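Below is one structure, written out as structure tokens; the observations come after it.
The values are calculated or read from the model by the stated rules, or taken from the named source; none is laboratory data. Since the structure is predicted, the reported quantities are computational estimates derived from the model, not experimental observations. Every residue, glycine as well, gets a Cβ built from its backbone with ideal geometry; the counts of neighbours run over all protein chains shown. When the accessible area is computed, the model is the full protein with side chains, heavy atoms only, and any ligands, DNA or RNA have been set aside. Shrake-Rupley method; radii C 1.70, N 1.55, O 1.52, S 1.80 Å.
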Amino acid sequence: MDEAELAITVESEFEGRGIGTQLMRRVVTLARNRGVRRVTLFCLSDNRRLMALSRKFDPKMQFDHGEAELTVDLGLPDQISYAQEAFGLMETTVGSFFEQLGAKAA
């Protein structure tokens, strides 16, 4: 598989905290490391948050009748992308550990 579609939703009460950026960054890294060469997002062209988020990943943008197609070319995996994936997994594991520790202390 060399192409994939991506959908990101962040509940309105959590918007503006970088959650969407982190989700997209991790998904893009995981996809790249598994041979996906291109990720496409679809949204309404007035979805400013997703448009701004996707611009961080240098997408090709196409607009048609109020809808936007955002395509991000991922390139080939390399040592940096593998390290980013490993760091993301470690970050999740450590975060989960401390959440569990906090839950037991409460």
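Amide hydrogen proximity for residue 74: with H placed 1.01 Å from N in the peptide plane, the residues at 5 or more positions away or on another chain lying under 5 Å are 38, 39.
Atom-type composition of the exposed protein surface of region 1-68 places 47 percent of the accessible area on carbon and sulfur (1.4 angstrom probe).
Summed over qualifying helices (DSSP H, 4 residues or more, each -39500 (n - 2.57)) and divided by its residue number, the chain shows a 222 nm mean residue ellipticity of -16000 deg cm²/dmol.
Here the Karplus curve 6.51 cos²θ - 1.76 cosθ + 1.60, taken at θ = phi - 60°, turns the phi angles of region 14-28 into couplings of 10, 5, x, 10, x, 5, x, 5, 5, 4, 5, 4, 5, 5, 4 Hz, with x standing for Gly and Pro. Working note: Karplus 6.51/-1.76/1.60 with θ = phi - 60° gives region 48-58 the couplings 5, 5, 5, 4, 5, 4, 5, 4, 5, 10, 6 Hz, where Gly and Pro are set to x. Per residue, the accessible area of the chain comes to 73 Å² when a 1.4 Å probe rolls over the protein heavy atoms. Dividing the mean sequence gap of close Cα pairs (under 8 Å, 6+ apart) by how many residues the chain holds gives a relative contact order of 28 percent. For residue 76, the shell of other residues with beta-carbons less than 13 Å away shows a net charge of +1, using +1 for Lys and Arg and -1 for Asp and Glu. Under 5 Å between amide hydrogens, built in the peptide plane, is the criterion, and for residue 67 it picks out 45 among residues at least 5 positions away or on other chains.
Computed log10 I(q)/I(0) for the chain at 0.10, 0.12, 0.17 Å⁻¹: -0.35, -0.49, -0.87, from the Debye equation with unit scatterers placed on every C-alpha and solvent omitted.
Taking all protein chains as shown and a probe of 1.4 angstrom, residue 25 keeps an accessible surface of around 110 Å².
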